[in-house]
Amino acid sequence: MTKAILITGCSTGIGRAAAHLFAKRGFSVTATMRRTEDAGDLAAAENVRVEPLDVVDVASVERAVAKTLGAFGRLDVVVNNAGFGAFGPFETATPELIERQIGTNLIGVFNVTRAALPTMRAQKSGVIVNISSIGGLTTFPLNAIYHATKYAVVGFTEDLNYELAPFGIRAKVVAPGGVATDFATRSLSLTFQGDGGPYADTIAKVAATFQSRAAAGGHSKPEAIAETIFEAATDDLPHVLYVAGPDAIALLERRAKMTDGDYLKMMRDNFGLSS
Ligand SMILES: NC(=O)c1ccc[n+]([C@@H]2O[C@H](COP(=O)([O-])OP(=O)(O)OC[C@H]3O[C@@H](n4cnc5c(N)ncnc54)[C@H](OP(=O)(O)O)[C@@H]3O)[C@@H](O)[C@H]2O)c1
């Protein structure tokens, strides 16, 4: 039996890499994206169907799930990958940006999960893999709204397991560290205008630190994160959390040995915020 998977946010980055990997490993793949003209090489890839899906548009979610069932007759795995980052101080974020961040990164996960569950329950099997972040387990300066969504995804995912276990469905969460994708460029929305006014000094220091880290390289490739997603989707183990990337693993190990106060001080020092 060929298994079927639906993945969100396949126009670039981790979602696109995951679509290619699952197709290569024999899954029937529904690779979804907001604009199907962004499909690129996925349009002609073997085992792949490209469907439009915007995670904040429930009708588009339901259509993509129905198309998957029509084409493949089943739905074994859902990967909730679509997301973006809101960067900057909380105080200056508009209500619209806050709602878009929560709508995409959290309610979007709810929308796709809810649409997939009736089929998985009827099949008595299924795996939901939600992409959170190292930012769902620990914090970096000026990412408060993003963290709020990614921490929520971790709690949501773990808790689903209580109610879904009787139906043979597992929920898992993948938490990548830094990944070399469009995330820190095209997919970043700023919470401030101009230099950020009273937060200008903090913004300048934090942005410079993130930029120099990105320039130094060392971020995981999206293909490596796709491997972790594949493991989560197929290992048939009751693990919930899959931390992906050496930077994420190292930072969490470090934090586990520190007090909260020491962690905040370390981060303030690392981002030049101590003075
Ligand atoms: N890169 C990192 O360092 C990193 C680290 C930890 C976690 N993550 C998480 O990994 C996931 C994928 O990010 P990425 O690194 O692969 O970045 P990316 O290359 O920017 O990809 C983000 C994807 O999400 C899609 N998207 C955004 N809003 C959407 C919506 N409303 N409906 C459907 N799709 C939407 C984008 O589509 P469009 O092309 O239409 O904009 C794009 O396909 C995100 O959830 C992100 O939070 C990334």
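Taken together, the values in this text are just the output of simple stated rules run on the coordinates, not laboratory data. Because the structure is predicted, anything quoted here is derived from the model rather than measured. So basically every Cβ, Gly included, is an ideal-geometry build from the backbone, and we count neighbours across all protein chains shown.
Name the residues whose placed amide hydrogens come within less than 5 Å of the amide hydrogen of Val173, ignoring near sequence neighbours (fewer than 5 apart) on the same chain.
When sequence neighbours closer than 5 places are left aside, the close amide H contacts are Asn130, Leu241, Tyr242.
Determine the calculated [θ] at 222 nm for the chain from helices alone, applying -39500 (n - 2.57) to every DSSP H run no shorter than 4 residues and normalising by the residue count; nearest 500 deg cm²/dmol.
On the way: 9 runs with 123 residues, N = 275.
After summing the helix terms and dividing by the residues of the chain, the value is -14500 deg cm²/dmol.
If you put +1 on each Lys and Arg Cβ and -1 on each Asp and Glu Cβ, how big is the dipole of the chain around its Cα centre, in Debye rounded to 20?
Result for the chain is approximately 420 debye, rounded to the nearest 20.
With charges set only on the Cβ (+1 for Lys and Arg, -1 for Asp and Glu), what does the dipole of the stretch 64-210 come to about its Cα centre, in debye to the nearest 20? Working shown, then result.
On the way: 11 positive and 10 negative charges, 141 e Å.
That gives a dipole near 680 debye.
Between Glu62 and Ala214, what FRET efficiency follows from the Cβ-Cβ distance if R0 is 51 Å, with the result rounded to 0.05?
Computed FRET efficiency for Glu62 and Ala214 comes out at 0.85.
Kindly write out, for the stretch 32-46 in residue order, the coupling ³J(HN,Hα) from the Karplus curve 6.51 cos²θ - 1.76 cosθ + 1.60 (θ = phi - 60°), rounded to whole Hz, with x marking Gly and Pro.
Those phi angles translate into 9, 7, 5, 10, 5, 5, 8, 5, x, 6, 6, 4, 10, 6, 5 Hz.
Where Lys and Arg each count +1 and Asp and Glu each count -1, what net charge lies around Ile128 among other residues with Cβ under 10 Å from its Cβ?
Within the 10 Å Cβ shell, the charges total +2.
Return the FRET efficiency for the residue pair Leu188, Glu91: r is the Cβ-Cβ distance, R0 is 22 Å, and the value is rounded to the nearest 0.05.
FRET efficiency, Leu188 to Glu91: 0.75.
Helix 246-256 versus the longest principal axis of the chain: what angle, 0 to 90°, nearest 10, using Cα atoms?
The answer is roughly 60 degrees.
Taking the dipole about the Cα centre of the chain, with the C-beta of Lys and Arg at +1 and of Asp and Glu at -1, give me whichever of Gly103, Gln123, Phe210 is farthest to the positive side.
Of the candidates, Gln123 comes out farthest on the positive side.
If amide H atoms are built 1.01 Å from N in the plane of the peptide, which residues on other chains or at least 5 residues away come under 5 Å of the amide H of Val56?
So Val56 has HN proximity to no qualifying residue.
Determine, for the chain, the count of lysine pairs separated by eight or more sequence positions (or lying on different chains) whose alpha-carbon distance falls under 27 Å.
The number of close lysine pairs in the chain is 23.
When the dipole is taken about the Cα centre of the stretch 1-141, and only Lys, Arg (+1) and Asp, Glu (-1) are charged at their Cβ, what size is it in debye, to the nearest 20? Show your work: numbers first, answer last.
Numbers: 14 positive and 12 negative charges, 136 e Å.
Roughly 660 debye, rounded to the nearest 20.
For the chain, find the longest principal axis of its Cα atoms and tell me its angle to the long axis of helix 108-123, 0 to 90°, nearest 10.
On a 0 to 90 degree scale, this one is about 30.
Treating the angle as unsigned and between 0 and 90°, give the value, to the nearest 10°, between the Cα long axis of helix 58-72 and the longest Cα principal axis of the chain.
Value to nearest ten degrees: 40.
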